[in-house]
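Here's the structure, in structure tokens; my notes come after.
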Amino acid sequence: MSDDPRLEVSASRIQQLVDVLSLLSLGQYDPALTQIQVGAEEDQMALLEQSLSIFVRELSEAHAENDAHISQLEHQRLELERKLELINRQRAAISELSTPILELWDEVVTLPIIGLVDTGRSLEITERLLQRISDTGCRYVIIDVTGLDVIDTMTTDHFVKMIRSAQLLGAHCVVTGMSSNISQTMVGIGAELGGVTTLRTLKEGLKHCLRLLWANTANG
């Protein structure tokens, strides 16, 4: 038996390992390309080839599992985005239905405010009304608060600012259906509606706007 500790290995066996490791470094885990052929010799090189073969196989399996997990996460992300988009569309539809802006006559629209109005909804109502005035050039706006439950200081402030903003865009504003509770609240917190016509019913508000519209039309 030779005492020489050196191991003679063919160049092809070494090249095989180099090729496989190169493929792995490039992210290529295809078993058909990264399979290591273990030499028939029972030497230290064979043990290395066996170890690397096991490592490559386990790495390939882990990579496949990782790809599957990433694919699943991507599918879940797309599904979540789809649901969020649906929720946003439903929210927009509900918002539009909860605060519709209706055309009663040429250049006359009404904004019925129903239910509880908080700061967020006040801002949304204001934005939609001003956009409608800007888009259509309507000259008369009837804000009907018959269905308004309660109003607080912050909401009243937004309400007054909405009317003033609409007036700055050239719209004549009429407030109808104001209950005694709402009017007392507005007076109590010092809200100023000077110059704004207030009437009892939406019908009276429409008649008022039509009189102004026809008078302006007659005067040319």
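The values are calculated or read from the model by the stated rules, or taken from the named source; none is laboratory data. The model shown is predicted, which means the values in this text are computed figures rather than measured ones. Counting neighbours? That spans all protein chains shown, and the Cβs are built from the backbone with ideal geometry, glycine included.
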*Of all residues in region 194-212, which are under 14 Å from residue 110 (Cβ atoms) and aliphatic (A, V, I, L, M)?*
199, 202, 206, 210
_Of the criteria (1) under 27 Å from the mean Cα position of the chain (by Cα); (2) farther than 25 Å from residue 91 by Cα; (3) not basic (Lys, Arg), which one residue 173 fails_ = (1)
*Only residues that are more than 13 Å from residue 154 (Cα to Cα) and surrounded by 21 or more Cβ atoms within 10 Å (Cβ to Cβ): list them for region 114-124, please.*
none
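Taking region 176-188 on its own, how many of its residues are surrounded by fewer than 16 Cβ atoms within 10 Å (Cβ to Cβ) and polar (S, T, N, Q)?
Step one: list which residues in region 176-188 are surrounded by fewer than 16 Cβ atoms within 10 Å (Cβ to Cβ), which gives 179-181, 184, 187-188.
Keeping just the survivors that are polar (S, T, N, Q) gives 179-181, 184.
The number of residues fulfilling the criteria is 4.
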_Number of the exception - residue 186 against (1) part of a helix (DSSP H, G or I); (2) farther than 18 Å from residue 158 by Cβ_ = (2)
*Exactly one of (1) under 15 Å from residue 105 (Cβ atoms); (2) surrounded by 15 or more Cβ atoms within 10 Å (Cβ to Cβ) is unmet by residue 191. Its number?*
(1)
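Residue-by-condition table, conditions (1) outside any helix (DSSP H, G or I); (2) in contact (Cβ under 8 Å) with a residue 24 or more places away in the chain; (3) under 25 Å from the mean Cα position of the chain (by Cα); (4) in the same structural domain as residue 204 (by TED's automatic domain parsing):
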{"site": "88", "(1), (2), (3), (4)": "no, no, yes, no"}
{"site": "122", "(1), (2), (3), (4)": "no, yes, yes, yes"}
{"site": "132", "(1), (2), (3), (4)": "no, yes, yes, yes"}
{"site": "150", "(1), (2), (3), (4)": "yes, yes, no, yes"}
{"site": "161", "(1), (2), (3), (4)": "no, yes, no, yes"}
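Looking at 53, 60, 12, 71, which one is surrounded by fewer than 10 Cβ atoms within 10 Å (Cβ to Cβ), in a helix (DSSP H, G or I), at pLDDT 75 or above and hydroxyl-bearing (Ser, Thr, Tyr)? So that I can check it myself, show each step before the final result.
Values: 53 fails: surrounded by fewer than 10 Cβ atoms within 10 Å (Cβ to Cβ); 60 fails: surrounded by fewer than 10 Cβ atoms within 10 Å (Cβ to Cβ); 71 fails: surrounded by fewer than 10 Cβ atoms within 10 Å (Cβ to Cβ).
Of 53, 60, 12, 71, the one residue that is surrounded by fewer than 10 Cβ atoms within 10 Å (Cβ to Cβ), in a helix (DSSP H, G or I), at pLDDT 75 or above and hydroxyl-bearing (Ser, Thr, Tyr) is 12.
Test of understanding: among 109, 160, 117, which residue is in contact with a Lys or Arg (Cβ under 7 Å, 6 or more places away or on another chain) and either modelled with pLDDT of 90 or more or closer than 22 Å to residue 188 by Cβ (or both)?
Values: 160 fails: in contact with a Lys or Arg (Cβ under 7 Å, 6 or more places away or on another chain); 117 fails: in contact with a Lys or Arg (Cβ under 7 Å, 6 or more places away or on another chain).
Checking each option against the conditions leaves just 109.
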